[in-house]
Structure formats: C-alpha cells, structure tokens
Amino acid sequence: MKKVAKFGNNSIEGVAYNKLYVMEGAYITHRDFEPIFPKLEIHRGSNPKKYEDYLMLHDNGKVDQFYAENTHSAYQLLNKSSSSSFYGVIYKKNQKIIIEAIQAFKMGGGYGTYKKTVKLINKKIYIQEVGKCSVYVLAENN
C-alpha cells in the first residue's frame, strides 16, 4: 500500500483511468519494445478456455490484472475484489512509466515486487517484461 504513494496525484497522459483494457496480443522481443518477427506470439481469443487477460489502471495508481470470460464478468470480479488487494502500482519515474507488480514468494512466504516498463502508443498500453511485450486496448463498450 505504501507504493501507491509513488503515484501521487500525477496522472499519466494517454491513460484511460478506471476503464477496462483487454489484451490484444503478446510479442516476443529482442530488447525493450523491439519485436522479433513474426512478432505475434499470442493474440486475443487464442485461449481455448476462452478467458481474456484484462487490465485496469485506477486513478489512485493501483493496477489490477486478471483473467475473465468477458467484459461483463471482468467488471463483476472487480466489484467483488477488496480495496486492499491489487496487482501492482503504476507511476512515472525519470520520464519512464513503470508498473511495479506485487509477487508472492513460494518458499518462506512474504511478498516482493518487480518492475515492468510501460509505453503508451496510439491509445494502446505496451507492457514490457523480460523477453515479452503485452499489448492492451480499451475493452468494447467502455
């Protein structure tokens, strides 16, 4: 919860806060945001169980990332979740946008964090992890 303070009241230009984003695809990358061709590794709707990967960036800096069957189910899950549980925090540092994700440790218990770099390009959110970049677009009917 202390990490939410990093966000402060500094909104990040180009982000649609409190709106649901759905994953468009995931790309394997050489370096940050540099796709290896053929670039598309996973595309929307490729999960045989028909679950989608959703993302919501809240205006207080909290980030929720989860799977749901559809947009309606995603909003139901968000309404049921407690205010103290969330995936991570988004903030800007040295002109870079960062999501600091919370990770539970398997051995010995406890929690830690790891950082993902974010870019906003043409109303899409690009999230770079080691060797992979996930792309999110606004979900329909938002």
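The values are calculated or read from the model by the stated rules, or taken from the named source; none is laboratory data. Values in this document were obtained by computation on a predicted structure and should not be read as measured data. Positions of Cβ are generated from backbone atoms using ideal geometry, with glycine treated the same way; all protein chains shown enter the neighbour counts. Only protein heavy atoms, including side chains, enter the accessible area calculation; ligands, DNA and RNA are left aside. Shrake-Rupley method; radii C 1.70, N 1.55, O 1.52, S 1.80 Å.
Per-structure values
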| quantity | calculated |
| --- | --- |
| Subset of the range 1-32 [surrounded by 15 or more Cβ atoms within 10 Å (Cβ to Cβ), over 15 Å from the mean Cα position of the chain (by Cα) and at pLDDT 70 or above] | I28, T29 |
| Every residue from the range 131-142 that is modelled with pLDDT under 90 and open to solvent by 50 Å² or more (accessible area, probe 1.4 Å) | K132, E140, N141, N142 |
| In the range 37-60, the residues that are at pLDDT 80 or above and farther than 16 Å from Y21 by Cβ | N60 |
| Within the range 105-130, tally of residues that are modelled with pLDDT under 85, open to solvent by less than 60 Å² (accessible area, probe 1.4 Å) and either part of a loop (DSSP other than H, G, I, E, B) or under 27 Å from S73 (Cβ atoms) (or both) | 2 |
| Hits in the range 58-76 - residues which are free of Cβ contacts under 8 Å to residues at least 24 places away in the same chain and over 22 Å from G25 (Cα atoms) | Q76 |
